[in-house]
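Asker: I have a structure here, written as C-alpha cells, and I will follow up with some questions on it.
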Amino acid sequence: MASSTQRRDITRDRIVKAAASLLRDQGPAAVTTRRVAHEAGLQPPALYRLFQDKNDLLNAAAEHVFAEHVASKHATAPSDDPVEDLRGNVEYKKAMAGEMTQRALRTAASRAKR
C-alpha cells in the first residue's frame, strides 16, 4: 500500500500532467482550476491542497512542459553531420513556433467570441 506521501506525489503528478497538457495544447487561458481538476479526475479543492494558487499550478505545469522539451532534445543523438543537426534543430524550432502561433490564434479567436 502506498504511503500518504506517495499518494500525494502521485496526485500532484496527475494534476501537473493535466495542467501541462492543457497549457501545451490550448495555452494558459485553458488552465482553469475546474478544468485541470476535471482532467485529473479530482474535485477542484484538491488542487489547493497541493498548490498555493493558480500561479503556483501554472508554474509547475510550465516547468513540466519545459522539462519534457529538454528531455526530447537530449533524446536525439547527434549525427556525424553537424550541418544536418543544425538543420534539424532549425526545423524543430520552426515547428514549435508554428504550434505556438496556432495556439495564440485559437486563444485570440476564443476570446473574440466572448
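Every number in this text was worked out from the coordinates using simple rules, so none of it is lab data. All of these numbers come straight from a predicted model, not from anything done at the bench.
Asker: Which of the three applies to the stretch 1-64, rounded, prolate or oblate, going by the alpha-carbon gyration tensor with a ≥ b ≥ c and a/c under 1.5 meaning rounded?
Answerer: Cα axes put the stretch 1-64 in the prolate bin.
Asker: If you take the square roots of the eigenvalues of the alpha-carbon gyration tensor of the chain and sort them as a ≥ b ≥ c, do you get rounded (a/c under 1.5), prolate (a/b over b/c) or oblate?
Answerer: oblate
Asker: Okay, next question. Return the Cα extents of the stretch 32-94 along principal axes one, two and three, sorted largest first, each rounded to a whole Å.
Answerer: 52, 18, 17
Asker: Next up: Against the longest principal axis of the chain, how steep is helix 54-75, in degrees 0 to 90 to the nearest 10, with axes from Cα atoms?
Answerer: Here the helix axis deviates by roughly 30 degrees.
Asker: In addition: How high is the relative contact order of the chain, in percent, with contacts defined as C-alpha pairs under 8 Å that are six or more residues apart?
Answerer: 27 percent
Asker: Shifting gears a bit: Relative to the first principal axis of the alpha-carbon coordinates of the chain, what is the inclination of helix 82-113, with its axis defined by its Cα atoms, in degrees from 0 to 90 and to the nearest 10?
Answerer: 40 degrees
Asker: Can I ask one more? List, in the order given, every pair from Lys93/Lys113; Lys54/Lys93; Lys17/Lys54 whose Cα-Cα distance in the structure shown is over 26 Å.
Answerer: Among Lys93/Lys113; Lys54/Lys93; Lys17/Lys54, the Cα-Cα distance tops 26 Å for Lys93/Lys113; Lys54/Lys93.
Asker: Pick from Lys54, Lys17, Lys94: which residue has the top mean-square fluctuation in a GNM of the chain where Cα pairs under 10 Å get a spring?
Answerer: Looking only at Lys54, Lys17, Lys94, the largest GNM fluctuation is found for Lys94.
Asker: Next question. Return the single residue from Leu86, Leu58, Leu50 with maximal mean-square fluctuation; model: Gaussian network over the chain, springs between Cα atoms under 10 Å.
Answerer: Fluctuation is largest for Leu86.
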